[in-house]
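The values are calculated or read from the model by the stated rules, or taken from the named source; none is laboratory data. Bear in mind that the values here come from a model prediction, so they are computed numbers and not experimental data. Here the Cβ positions follow ideal geometry from the backbone for every residue, glycine too, while neighbour counts run over all protein chains shown.
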Amino acid sequence: MKKFRWELLTGLILIAISCGLYGLHFHLFHDKHHLVIYGLGELAFLPLEVFFVSLVLHRLLEFREKKSQQSKMNMLIGSFFSEVGNKLLRELAGQDRNMLEHGDGLKVRGSWKEREFHRAIKKATNYKPALHITEPNLDCLKTHLLAQKQYLNRLVQNPVLLEHGLFTDLLLASFHLLEELSYRDSFTNLSQNDKNHLDGDIERVYTLLISEWICYAKHLKSHYAYLFSLAVRVNPLKSKIDVKLK
């Protein structure tokens, strides 16, 4: 409300200054005809000026800001996969029977073009894993996520995340899984309902990880060829990693 009052007061002051200058012009030169001609001309141009400033220029500035935010967002995503995501995704993919048997369409390759990436993203959105999570797997997940809790907290507090829904969903799902695992001292003798609940939380994180990793790899392919080359070689969806170039 205060901001609106300030803007209204500023507008009234500017209008008063304009009227005062027009009055001064008439007082000095007594040329009403000149004032009417140029006044109407400037008034006629005002809608075009509003169009160019408010729409065209605003859109250009908005596009530039969005591009800058997207660049910062992808830096955060890359940091996330380096610190947390790659290891987590590799561990879960190793327990996914469907990934081992039918996951070739999700394993990014260096030769992929735009079409292959779009196809993989669509497949990842509808992907149904067949995870086999054991008690040692749950212990490993808990240890890994607890070790990265402070890092994840810092990511969540970053305001850039408001611009990226998928990655925000991934972080929230990861935090939820971390809390579910941290509240359990042991994973022995879990009830079937409890095990099913944890399996659902893990599957949510896993499928979001796959989708986000493919989108991030697509970004690297388009903008950072050297980073994409390494990402393909350490692809967390592959069963074997060979970082050396052949």
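Below, the figures for the structure above:
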item	result
Only listed residue being at pLDDT below 70 and touching a Lys or Arg at 6+ places or on another chain (Cβ under 8 Å), chosen from Phe52, Phe26, Phe45, Phe63	Phe26
Filter pass, His197 being free of Cβ contacts under 8 Å to residues at least 60 places away in the same chain and either surrounded by 15 or more Cβ atoms within 10 Å (Cβ to Cβ) or in a helix (DSSP H, G or I) (or both)	yes
Per-region count, segment 152-168, residues modelled with pLDDT under 75 and part of a helix (DSSP H, G or I)	4
Some residue of segment 179-194 being small (Gly, Ala, Ser) and under 24 Å from the mean Cα position of the chain (by Cα)	no
Members of segment 220-246 that are in a helix (DSSP H, G or I) and among the β-branched types (Val, Ile, Thr)	Val232
Residue among Arg90, Arg115, Arg109 that alone is touching a residue at least 24 places away in the same chain (Cβ under 8 Å), within 23 Å of Leu227 (Cα to Cα), in the same structural domain as His197 (by TED's automatic domain parsing) and in a helix (DSSP H, G or I)	Arg90
Hits in segment 118-156 - residues which are of a type in the set (Phe, Trp, Tyr) and either more than 22 Å from the chain's Cα centre (by Cα) or farther than 24 Å from Glu83 by Cα (or both)	Tyr127
Residue list for segment 212-246, filter: among the charged types (D, E, K, R), in contact (Cβ under 8 Å) with a residue 12 or more places away in the chain and farther than 15 Å from Trp112 by Cα	Glu212, Lys238
Residues that are touching a residue at least 60 places away in the same chain (Cβ under 8 Å) and either surrounded by fewer than 18 Cβ atoms within 10 Å (Cβ to Cβ) or assigned to a helix (DSSP H, G or I) (or both), drawn from segment 93-106	Ala93, Gly94, Met99, Leu100, Leu106
